Ligand code: MG
């Protein structure tokens, strides 16, 4: 099932896609919902981030080749940092290139969306019960500031630095999915989720030992090799097999005016 959140006639709705047509749902995506019969063509809506998380947990260096390309050792346990929910944007929304940085990179990633509250998920518990679905995520990074600061916070947290979407796919296995990033139509990242150092179930259990995960929270599972910089005017697209494509433009705005 492909779940979209969107704005139609000034109303924010969630709906299920069937053959280019959205069927709004009644109820909560996290619990029980009913699919209504009224149909809205997807071409008539403005797509929004598929859910609104209370937090975005990101995993750094979860693909060997990416750790190596930035000169980092492969981690022995997951490297975790947070991005604020204020950084979130949806499909076709604009990534704003900040004045503070001279190098802004794309990082195409698989996003895992939490279905129900979870703390200390045990080995014997079915991890899939806690996952609502999967989506595409761009962990936009001011690389110069990441190298300059000890903390990742500034480099990862600018408004618009968390493009997410276009939809949530519920019936999908996170293993063995091809992930591609295109910059102005040119292939720049090509990876497969089977090459993650720490798998989705491992990450879910690990993160839940640190913090309570709430419905809608995102775990961004790290980026494969091939990261690189974007310039104002560029179009960046993250494509994951079975999910679709998340497309955003980059723009510079003079904030001093
Ligand atoms: Mg990343």
Counting other beta carbons within 10 Å of each residue's own, what order do 109, 37, 125 fall into, fewest first? 37, 125, 109
Two-site FRET efficiency, residue 32 against residue 103, from Cβ-Cβ distance with R₀ of 41 Å, rounded to 0.05: 0.35
Structure-based [θ]222 nm, the chain - -39500 (n - 2.57) summed over DSSP H runs of at least 4, per residue, nearest 500: -2500 deg cm²/dmol
Cα→Cβ-extended label distance, 7 Å offset, between residue 190 and residue 175, nm: 2.4
q = 0.20, 0.23, 0.29, 0.30 Å⁻¹, the stretch 1-48: log10 I(q)/I(0) [Debye, one scatterer per Cα]: -0.57, -0.76, -1.18, -1.25
Order of 28, 229, 157 from fewest to most other C-beta atoms within 10 Å? 28, 229, 157
For the stretch 80-199, compute the orientation-averaged projected area of the C-alpha convex hull (one quarter of its surface), in nm². 8.9
Take peptides 204-212, 190-198, 236-244 and line them up by average Cβ neighbours within 10 Å, highest first, as a rough protection proxy. 236-244, 190-198, 204-212
A correct fewest-to-most ranking of 180, 117, 10, 83 by other Cβ atoms within 10 Å would be 10, 117, 180, 83
In whole angstrom, and with the biggest value first, how far do the Cα coordinates of the chain range along each principal axis? 52, 51, 31
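Since every read-out is calculated from the coordinates, none of them should be taken as a lab result. No experiment lies behind these values; they were computed from the predicted model shown. Backbone-built Cβ (ideal geometry, glycine too); neighbour counts: all protein chains shown.
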